[in-house]
Structure formats: C-alpha cells, structure tokens
Amino acid sequence: MQLPDKHEETTTKAFAGLRVLDFSTTIAGPHCARMLADMGAEVIKIETDGGETMRTRPPLRNGCSTVFGQLNVGKKSVVLDLKSEDGREAVRRLVATSDILVENFRPGVMHRLRLDYDSLRPLNPKLIYCSISGYGQSGPSAELPAYAPVIHAASGYDMAHLAYQPGRIRPDYCGIYHADVVTGTYGFGAIASALYQRTLTGQGQHIDVSMLETMLTLTVLEVQNSQFAVKPRPMFGPTETASGYVMITVASEKTFQGLMGVIGRPEWISDARFSTYAARRDNWAELMDGVEAWSRQHPTDACLVALGAAGVPASAYRTVSEALADPQLAHRQALSSVEDGGGSFQVLNLPFRMSGADTAPAATMAVLGEHTDELREEIGFADATRIPSGKTAATN
C-alpha cells in the first residue's frame, strides 16, 4: 500500500494522551523526547532557572537557539530546583500522572535525588522510566563522564572508520554526533515497545540505554570481522568526474552489469577478474580505475543521468544546504516552520509518515518556565507556594 503524500486530513496523534517528564539535556535525551512530542505526547521539559545548556548554542537570534528548538519543539517548559525538597515533591506529584520519564544524568544522580526508578515506581507502577547514559546504569564504566565524541572513540567506531581511509593513520575529528542521535532513537523505540507491553501487563518498567552499545550497532560488519579472519571488502568512495565527484555503489549483479554498460565495458561482465562478486573483491581497485577512466570524461550531472538511466545507485556529493533544497524533501514535506522569540526557523520532521497519524511537530517554542505556574496549580501547590527554581545536579 502506498501512503498518501500529504496528511492535511490526518489530525490523529499516535501518542495523544500520554504525559512525559523530560529531565534530559544536550542531544540524546532531548531528541528522544522530541520524537515523543511529535507523536502527540505532552512532554514537560524540566529545566533549571538558567535553562539547559543547549539554549545557548548557536545559531542564536535574540537569545533563542535554533539548535535547542530543533531538539525541543513541542515541549512544555517547567523550572524546578531538584536539590530542594519542594522541587522533588513537585516531581513526585507529576510522576503520579505521567506515563514516561526520560533522563540522561550520569548514573547515580537520580538515585541521590531520590528520583530514581525504584523510588518513583511505588507512586506510579505504570511509569516507563528511560535512562540514557554513556555506558549503561551499572558496571565498571557506568559512572565515567561521556559525550558522543568520547563514545565514538571508545566503541571502536572511529578506528573502524579509519581502516577504510587508505594512507591515513590519524583518526578523524568528530563533527557529527552519531552516538547522541542514534541513542535517542533507540530510546524512543524502547519506550514504544514498553508502552505496548504495558497494555498486556499493566506495568511500567525501567529502560537502560547505553551509548557505547548503540555505537557498536553501527559496526555490523566490523563486529563480525573482529571475530574471524576475512579479506578486506570493497570500499565505496568518491569517483572523480570532470567537474567533481560522485558516489557509485555496485551491490548486485544487476547494478554491476548496468554500470559496465554505462562505461562502455560490456566485455567485463564475463571477464574472469570481475564476473563474480568474489573476483570483484580481489580486483576492486582495477575495476574502479576503469569506472573512473569513464567518469573523468564527463561532468557530474551527465554521469548521474547516465548512471540513473541504467539503474545504478549514484549521487553527487552535496552539502547539507544542497540536500535540504532537494525537491524530494519538499514533496515529502520533510521540514516544518517553527516560531520562537527570535522569529521563524525550519526543523526536520520525523523521517517516517503514517497513514493514520499526524507526525508533524508543533509550530511554536515554549519560553523558559512558561508552564511552571500551570503545572504548580495542577499538582496542588498553594498559590503562595512557589516551586523553587535553581541549578540542578551535574549531568553527563
């Protein structure tokens, strides 16, 4: 079944009616909770009176961070001092009416605050409590400080990547935080699974998500290669054209045959050097030299037209700006406009569409502490009693 291209008629939210307490900061936890918000959950972000770290990250307009907005659009904002008994009591009262809690403090912090799963479970046995950390909630590395670049190095990911860079001996710099984004996504999936299990058992549970193990899931081939002796496999890389570079992948006999037709080497289909996958592995450099001898004679656009016509997967190397301008993303409505105190900016939508549910994000950002009074009134604090604000315990 083909899903409809547009969903203007769909207003149902798959997680409508769920309440989430979001104690997380930086990227992994906020990304997880933002996905829950896009799916319709009421996400209450608990912050200090100064706001969480990402509020100060550029790009900034009128003091408002679009990176923070990308990670936190659609959430309510409540300011609490978790070091105070009044602040902790406010959390306990909110827990009683919540379905999910997300936190990415260093293991032990929530226990010291008496806001850990075991302390809160008696207040709400149906609570799904998701802890995201660098190495997991227990074990010899559990309390080590961890950020994505450290986890990239610790997981073997960086050295595995380096092994595919001929002539390189120094690992690459870390600019894109895969560990954060993928860990947050795994957290989202685990929460969705726990919600389904709760419909069967009536009980919540504690979810323990490890960034280290998350990064290892990206090294599917390398995990197996580390256990057994294997020949180096072909590496897909930039193929030079007359005006730049293209990425070409040959993953099946059909695409190999199509590529040979494009480069004018149909006889190589039966050539003993290339006729089988195993032979191509052994002679990969020679094969790609032949491909590049063709591609260097044509500009990038012409190469892509010819490759596309033959069904060979290929792309130019694009910047993020160029990728965002792709008409395919416009067709998919992959971006939404969000308003905050600095104006409007674009955020990425969830990368999936559902025929029976709306997955679009909210259109506005909450101001720091905007919902504190509303939630204070709901949980029964007297008007004269303020839920104190202040700085909370250190995170990862």
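The values are calculated or read from the model by the stated rules, or taken from the named source; none is laboratory data. Predicted model only: the values in this text are computed from it and were never measured. As a convention, Cβ positions derive from the backbone with ideal geometry for all residues, glycine included, and neighbour counts pool all protein chains shown. For accessibility, only protein heavy atoms count, side chains too; no ligands or nucleic acids. Shrake-Rupley method; radii C 1.70, N 1.55, O 1.52, S 1.80 Å.
So which residues in the stretch 347-373 are exposed (fewer than 14 other Cβ atoms within 10 Å of the Cβ) and free of Cβ contacts under 8 Å to residues at least 24 places away in the same chain?
Listed by number, the residues that qualify are PRO351, PHE352.
In the stretch 191-242, how many are farther than 21 Å from VAL43 by Cβ, open to solvent by 40 Å² or more (accessible area, probe 1.4 Å) and assigned to a strand (DSSP E or B)?
2
Checking GLY187 against (1) part of a loop (DSSP other than H, G, I, E, B); (2) open to solvent by less than 20 Å² (accessible area, probe 1.4 Å); (3) over 20 Å from VAL223 (Cβ atoms), only one condition comes out false. Which one?
Of everything listed in (1) part of a loop (DSSP other than H, G, I, E, B); (2) open to solvent by less than 20 Å² (accessible area, probe 1.4 Å); (3) over 20 Å from VAL223 (Cβ atoms), GLY187 misses just condition (1).
Among the residues of the stretch 243-263 satisfying the criterion of being of a type in the set (A, V, I, L, M, F, W, C) and part of a loop (DSSP other than H, G, I, E, B), which is farthest from GLU286 (Cα to Cα)?
Top of the filtered list is ALA251.
Given the conditions (1) of a type in the set (D, E, K, R); (2) over 24 Å from VAL91 (Cα atoms); (3) open to solvent by 80 Å² or more (accessible area, probe 1.4 Å); (4) part of a helix (DSSP H, G or I), which single one is not true for ASP118?
(2)
Counting just the residues of the stretch 32-54 that are in contact with a strand residue (DSSP E or B) (Cβ under 6 Å, 6 or more places away or on another chain) and part of a loop (DSSP other than H, G, I, E, B), which one comes out most open to solvent (accessible area, probe 1.4 Å)?
Per the stated criteria, the residue is ASP49.
Among the listed residues THR26, THR66, identify the single one that is of a type outside the set (A, V, I, L, M, F, W, C), touching a strand residue (DSSP E or B) at 6+ places or on another chain (Cβ under 7 Å) and at pLDDT 95 or above.
Every option except THR66 fails the conditions.
Where the second residue is of a type in the set (Lys, Arg) and the first is free of Cβ contacts under 8 Å to residues at least 24 places away in the same chain and lies in the stretch 137-165, which pairs have Cβ atoms under 7 Å and are six or more apart or on separate chains?
Cβ pairs passing all conditions: LEU162/ARG168.
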